[in-house]
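The values are calculated or read from the model by the stated rules, or taken from the named source; none is laboratory data. What you see is a predicted model, and the numbers here were worked out from it, not measured in a lab. Virtual Cβ from ideal backbone geometry, glycine too; neighbours counted across all protein chains shown.
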Amino acid sequence: MGSQDRKVEHSEEQVEFSPLTQPEYPIRTARLRMRPIALKDLEAVNAYRSIPAVAEYLPHEPHSMEDTKATINRMIEQSALAEPGSWIDFAVELAPGGTDSGSADSGGADSGSADSEIAASEPVESGSRAIGEVLLKWDRDEPRSGEIGYVFHPKVHGTGIPTEAVAAGLKVAFEQFNWHRVHGVCDVLNERSALLMSRLGMRKEAELREVKWSKGRWMTFCHYAILQDEWRRSQRP
């Protein structure tokens, strides 16, 4: 450990940590590129965060452009991953020459309305325009673990893109950050998100019923998780 190493207090022990070493960008998959989100993504991110069906399962109302700008600025401030509790938000783009065709994907976005299904038939253009986000948050209390989150434009529902992007996020968490455990949370009504996590080997560990009043209803949250060794086994041929 170097001079910048710090410690998190636990009841039984102190866990040392250093700022996380980030991967080389962009992160590449068969069809996608992922990189830290930037202000140049403002219009693209607002295009889906302003959709009511998407915001239904996010911790905010449909965004104005100013809302999105403030959100991106907070993401940029946190992206150094200097200490537990910080997070990084990856913009997901369709790589040049990539295609939005692929295996059917019933999940992977933070909305599941009829409007989203209609929009899924729209073509996705390759290039440097964000079509979604994958977030990795370093756990404040247990710095050997973290949380994964995601949101995608409804037009990529049914393309396999959300699953491909979240799988890449898990790879960063387990291979680059060497986390022991990654968990994710979704609203019980968000069947797309639950199916995506299950598809990637994350098991449902808990259902916290009606724990938060938001957007005119009591929300029930489902908690999913996967361990590093479980993920490694799933990657074997």
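Evaluation of SER11 against the conditions (1) part of a strand (DSSP E or B); (2) at pLDDT below 95; (3) of a type outside the set (Asp, Glu) shows that the sole unmet condition is (1). Looking across ARG33, ARG28, ARG49, one residue alone is modelled with pLDDT of 95 or more and in contact with a His (Cβ under 6 Å, 6 or more places away or on another chain). It is ARG49. Annotation: ALA165 fulfils all but one of (1) over 26 Å from PRO19 (Cα atoms); (2) touching a residue at least 60 places away in the same chain (Cβ under 8 Å); the unmet one is (1).
In the range 211-227, the residues that are aromatic (Phe, Trp, Tyr) form Cβ pairs under 6 Å with partners that are surrounded by 16 or more Cβ atoms within 10 Å (Cβ to Cβ) and not in a strand (DSSP E or B), at six or more places apart or across chains, as follows: TYR224/MET197; TYR224/MET202. The single condition from (1) modelled with pLDDT of 95 or more; (2) buried (at least 24 other Cβ atoms within 10 Å of the Cβ) that ALA167 fails is (2).
On the given criteria, is SER214 small (Gly, Ala, Ser) and either exposed (fewer than 13 other Cβ atoms within 10 Å of the Cβ) or more than 28 Å from LYS171 (Cβ to Cβ) (or both)? Considered against the rule, which asks whether it is small (Gly, Ala, Ser) and either exposed (fewer than 13 other Cβ atoms within 10 Å of the Cβ) or more than 28 Å from LYS171 (Cβ to Cβ) (or both), SER214 comes out as yes.
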